[in-house]
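Encoded as structure tokens, the structure appears first; notes follow it.
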Amino acid sequence: MEQELFEKYTKTYGKRFTRKQKHKFAKALHEDMTQAGYEKTMIKGSKLIVMKAEDYFYGNRKRMKTVIVVPYDTPERKFWHKVFYFPLDGTKTMNKTLIATYVPIILLYVFILAGLYIGGNFLSAPTMANLMSFLMFVLVIFLIYLMVHGIGNRYNVNRNSSAVAAAVALAKSLDKDERQRIAFLFTDKNKGSFLGARCADEDFVKDGKNPNVICLDCIGKGDTTMIGYNPSNRKLAMEIAKCYPEKGKQIETIKLDESMRVQTAMSYFRKAVVIASGTLDEDHRLYVMGTGTGKDRDADTTQITKIINMLQAYIKSQK
């Protein structure tokens, strides 16, 4: 992979949390994808009025056979020392992030209560009591904002800037015929109900399309690369896995049951697989550490290149 391209999407446009940050990224993405020979289509959706998703689709809607899907928005900051993310298991991600999500909020709430108690019972000077009350009021506003909106994480190399860079690099490597068959979708709102993936799938259904979907999620580091597949898509997963360029290494495939697909893009796309890298836990579940924290600062570009080469080989095998 070109180092310049990698740096562009992991550093210059590595934070994509606010709408302004996303639009700056989208402008850069559009320039690169246009140079690669692709035209953009916007896919929009909303939920409960306040939640809006803006997906960016590049490809030939009529002739596409395969869609490479990359979640482009970046996660909120987690104020905890251990943060687990399971790219192939939504239920386990929910369970493992409960502490990292809610304990800091609870601790801040307790601190606010303690501050109000101290201000009302131990500060006799009116000025100090008022100052304490104002400080606690500011913290309450911050707490509400943290719970409702969250704060964007600054470093997001593995989740999922590396996948964005890989998708752009792949797009630039395809010839004219391959560009007709291979489309790219960059999805927004990849949390909770995964609104971006839902809107894209509904858009495909509306057009009567049911392409093969290959999702890239946390492909930047880890000693294990796996391909998870929806129950009816084992053949697709095996065809991709056998194209892995490293001799003597077999990419493991794993069927994603219903509980694993909860709160992931895989719960929407019907013919889909997801490629991810990380470490295996005691239950043989793939996880990555430190996403959504200041630790997500690096990735193995050699490993990313292998995944790009695997996808290139798969695409050529489908001619």
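Summary table below
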item: Interchain or long-range residues, amide H under 5 Å from Gly152's placed H; result: Arg77
item: Span-rule helices in the chain, defined as complete DSSP H runs reaching 27 Å or more along the axis (Cα) with Kyte mean at least -0.5; result: 98-121, 126-148
item: Global form of the range 72-173, assessed from the alpha-carbon gyration tensor, a/c cut-off 1.5; result: prolate
item: Computed P(r) (all Cα pairs; the chain; 10 Å bins; percent); result: 6, 26, 33, 19, 8, 5, 2, 0, 0
item: Pairs beyond 32 Å (Cα-Cα), from Lys27/Lys96; Lys255/Lys319; Lys15/Lys271; Lys92/Lys306; result: Lys27/Lys96
item: GNM result for the chain, Cα springs below 10 Å: residue of Ser162, Ser277, Ser46 fluctuating most strongly; result: Ser46
item: HN-Hα J in Hz across the range 291-298 - Karplus 6.51, -1.76, 1.60, θ = phi - 60°, x for Gly and Pro; result: 5, x, 9, x, 7, 7, 10, 9
item: Long-range HN-HN contacts of Thr224 with modeled amide H, under 5 Å; result: Gly278
item: Solvent-accessible surface (1.4 angstrom probe) belonging to Tyr145, in square angstrom, nearest 10; result: 120 Å²
item: Accessible solvent surface per residue of the chain, calculated while the other protein chains remain in place, 1.4 angstrom probe, Å²; result: 50 Å²
item: Exposure of Arg19 as accessible area (Å², to 10), given a probe of 1.4 Å and all protein chains; result: 70 Å²
item: Most fluctuating residue given options Met289, Met136, Met260, as computed from a GNM of the chain linking Cα atoms under 10 Å; result: Met136
item: Which of Tyr38, Gly292, Ile315, positive extreme of dipole for the chain (C-beta unit charges); result: Tyr38
item: Point-charge dipole on Cβ atoms (K/R +1, D/E -1) for the chain, about Cα centre, debye to 20; result: 680 debye
item: GNM flexibility winner over the chain from Leu131, Leu256, Leu174 (Cα, springs under 10 Å); result: Leu131
item: Net +/- balance of residues flanking Ile254 in space, Cβ distance below 15 Å, scoring K and R +1, D and E -1; result: -1
item: The range 122-195 - charge dipole about Cα centre, Lys and Arg +1 at Cβ, Asp and Glu -1, debye rounded to 20; result: 120 debye
item: Theoretical gain in end-to-end length, Glu246 to Ile144 [0.36 nm per residue, Cα-Cα removed]; result: 31.8 nm
item: Protein accessible area in the chain, 1.4 Å probe - carbon and sulfur %; result: 56 percent
item: Environment charge at Cys199 (Cβ cut-off 12 Å; Lys +1, Arg +1, Asp -1, Glu -1); result: 0
item: Percent RCO, i.e. relative contact order, over the chain, from Cα pairs under 8 Å lying at least 6 residues apart; result: 28 percent
item: Sum of side-chain charges, Arg19 neighbourhood, beta-carbon under 9 Å (Lys, Arg +1; Asp, Glu -1); result: +2
item: The range 121-163-the range 265-319 distance, computed between alpha-carbon centres (Å); result: 34 Å
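The values are calculated or read from the model by the stated rules, or taken from the named source; none is laboratory data. It should be emphasised that the depicted structure is a prediction, and the values quoted were computed from it without experimental measurement. Here Cβ is always computed from backbone atoms with ideal geometry, including for glycine, and neighbour counts include all displayed protein chains. Note: accessible area is taken over every heavy atom of the protein model, side chains too, but ligands, DNA and RNA are not part of it. Shrake-Rupley method; radii C 1.70, N 1.55, O 1.52, S 1.80 Å.
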